Amino acid sequence: MTAENAAMTGLHPVDEKLPVWRLGAYGLQHVLAFYSAAVIVPILVAGALHLPRETLIHLIDADLFTCGIASLLQAVGFGPVGVRLPLLQGVTFTAVGPMIAIGSAVGGGTPGLLSIYGSVIVAGFVTLLMARHFAGLVRFFPPVVTGSIILIIGLALLPVAANDIVSGASPSVMQDHVPLRSIWYGLGTLASILVIQRLFRGFIATIAVLIGLVLGTLVAWILGDANFGEVSSAPLLSITHPFYFGMPTFHPVSILSMVIVMTISMIETIGNVYATGEIVDKPITSEDIARTLRADGIATMLGGVLNSFPYTCFAENVGLVRMTAVKSRWVVAAAAVIMMMLGCLPRLGALVAAVPLPVLGGAALAMFATVAVVGVQTLSRVDFNRQSNVIIVGTSIGLSMLATAQPHISDTFPMWAKIVFGSGITLGSLSAISLHLIFNVKRTIHEATHATDVPREALIDERIREG
């Protein structure tokens, strides 16, 4: 929606309802950008728990179906649930290590899954209860904190894109032999996206990522590097139903571990909400945060019921919103419907899965870097003449890159600490929040006692007046 149209209708671009065919194209673009990150968690968990292939297929289908429900909760919302912004929901990667530990503690296999689901259901319920109280903490999130977190999210995601481009085994494994063809697929996809954005305007420019993914996949297919053979062999229909593997089991230690995971996830969610708010030009209030976290909690509870895992806002798609400038939350609703279809129609999922990783990596490289740019934009409001702000941003980015560049650093810590040191986003975000409280404690208390949802611009003006 243009600024003129928005002014004429009085409708914010976030609430614009586009024609169905545009919603479909934009929604598919989000799904393609999102797919590989969406299914990696069930793949990792199934491998660690030694689950059979049939179980893995069902986990992926259940994950995609529940992703769709969770995204509808967040983007469309109902009552006090859902932030009503173009935010996609996906399984949080922060939970992978703890879930594998929970499942392995009871011997893996199906009993391991049931133990995981019990902890996920309870952790989702706790998140729902904590949402209002946790949202009250947003007064401690000035631009120096939110900008740092958004920048950290973008930087920490870049190795994921790089790993895809080089056809790597994992972002935590340095690829010692990089196939030249993989690099050409990745860079070629990136180049095609940039050319389309440079030469075209309007609708074509907004689906540049989708076109780039299609062109990259087509070239890979012609050269024999994209295989669609699994499409015909996939089942026609797959319907997940509650407690498919049996009734969950509940263990106090497992539940505590998952509650900690969701607490960390809530901090990352707040960063993603602020990033999206910056992109769509919509101020974020504590009530927005509460709505977001309630949706996360309900979606996580549904994940445990529908044979999936904990859910959170996905940073992967925030950059796509920035690149395309398509701000409508109904695009995410369309993507949610497509994901639910993929979860019920495995052949469609197999078609999407046929997109080669280097092609996805080329598109992801641009999107993730765009998230980092949004963080830079937010930090441009910060007064860096204050040494404390320099320390907060610099230290937080440094710690984030420590955990990102050396992911095995977490191996030396106990399980509870691995949740923090195993993620650059988590470590950097906690650092930004903690250092702000330490270095700016007096100003933090002053702002906390004199404002609840004061616009950030007003707080900035106040800080300038304070010198």
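The values are calculated or read from the model by the stated rules, or taken from the named source; none is laboratory data. These figures come from a predicted structure and were not determined experimentally. Positions of Cβ are generated from backbone atoms using ideal geometry, with glycine treated the same way; all protein chains shown enter the neighbour counts. Please note that ligands, DNA and RNA were not included when accessible areas were found on the heavy atoms of the full protein model with its side chains. Shrake-Rupley method; radii C 1.70, N 1.55, O 1.52, S 1.80 Å.
Filtering the stretch 353-370 to residues that are among the hydrophobic types (A, V, I, L, M, F, W, C) and part of a helix (DSSP H, G or I) leaves A353, L357, V359, L360, A363, A364, L365, A366, M367, F368, A369.
Residue-wise test of (1) open to solvent by less than 10 Å² (accessible area, probe 1.4 Å); (2) under 22 Å from T127 (Cβ atoms).
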position: P310; (1), (2): yes, yes
position: F314; (1), (2): no, yes
position: G349; (1), (2): yes, no
position: V355; (1), (2): no, no
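Only one residue in T395, T412 is over 20 Å from the mean Cα position of the chain (by Cα) and without any contact (Cβ under 8 Å) to a residue 24 or more places away in the chain, so which one is that? Even if it seems obvious, please write down each step before you answer.
Working: T395 fails: without any contact (Cβ under 8 Å) to a residue 24 or more places away in the chain.
Just a single option satisfies the conditions, and that option is T412.
Elements of the type helices (runs of 4 or more DSSP H) sitting completely within the stretch 198-244 and holding at least 2 residues that are closer than 21 Å to G361 by Cβ and either open to solvent by 70 Å² or more (accessible area, probe 1.4 Å) or modelled with pLDDT under 85 (or both): these cover 208-222. Which residues, counting only those in the stretch 245-266, are assigned to a helix (DSSP H, G or I), surrounded by 11 or more Cβ atoms within 10 Å (Cβ to Cβ) and out of contact with any Pro (no Cβ under 9 Å at 6 or more places or on another chain)? The answer is V253, I255, L256, V259, T263, I264, M266.
Does the stretch 403-430 hold any residues that are aliphatic (A, V, I, L, M) and either in contact with a helix residue (DSSP H, G or I) (Cβ under 7 Å, 6 or more places away or on another chain) or within 16 Å of P98 (Cβ to Cβ) (or both), and which are they?
Residues satisfying the conditions are A403, I409, M415, A417, I419, V420, I425, L427, L430.
The listed residues are A161, A123, and the only one of them that is open to solvent by less than 20 Å² (accessible area, probe 1.4 Å), over 30 Å from V209 (Cβ atoms) and either free of Cβ contacts under 8 Å to residues at least 24 places away in the same chain or within 19 Å of the chain's Cα centre (by Cα) (or both) turns out to be A123. Does the stretch 257-277 contain at least one residue that is farther than 30 Å from I433 by Cα and aromatic (F, W, Y)? For the stretch 257-277, residues farther than 30 Å from I433 by Cα and aromatic (F, W, Y): absent. Among the residues making up the stretch 292-332, those that are more than 26 Å from A208 (Cα to Cα) and among the β-branched types (V, I, T) are T292, I298, T300, V305, T312. List the residue pairs whose Cβ atoms are under 7 Å apart, where the first residue sits in the stretch 275-287 and is among the polar types (S, T, N, Q), the second is surrounded by fewer than 18 Cβ atoms within 10 Å (Cβ to Cβ), and the two are 6 or more positions apart or on different chains. From residues that are among the polar types (S, T, N, Q), the pairs are T285/D453; S286/G136; S286/T452; S286/D453.
I'd like the full set of residues that are of a type outside the set (G, A, S) and open to solvent by less than 30 Å² (accessible area, probe 1.4 Å), limited to the stretch 61-81.
Residues satisfying the conditions are D61, D63, L64, T66, C67, L73, Q74, V81.
When the residues of the stretch 359-405 are narrowed to those that are among the polar types (S, T, N, Q) and more than 29 Å from K418 (Cα to Cα), which ends up most open to solvent (accessible area, probe 1.4 Å)? Per the stated criteria, the residue is N385. Of the listed requirements (1) more than 18 Å from the chain's Cα centre (by Cα); (2) assigned to a helix (DSSP H, G or I), N307 misses just one: (2).
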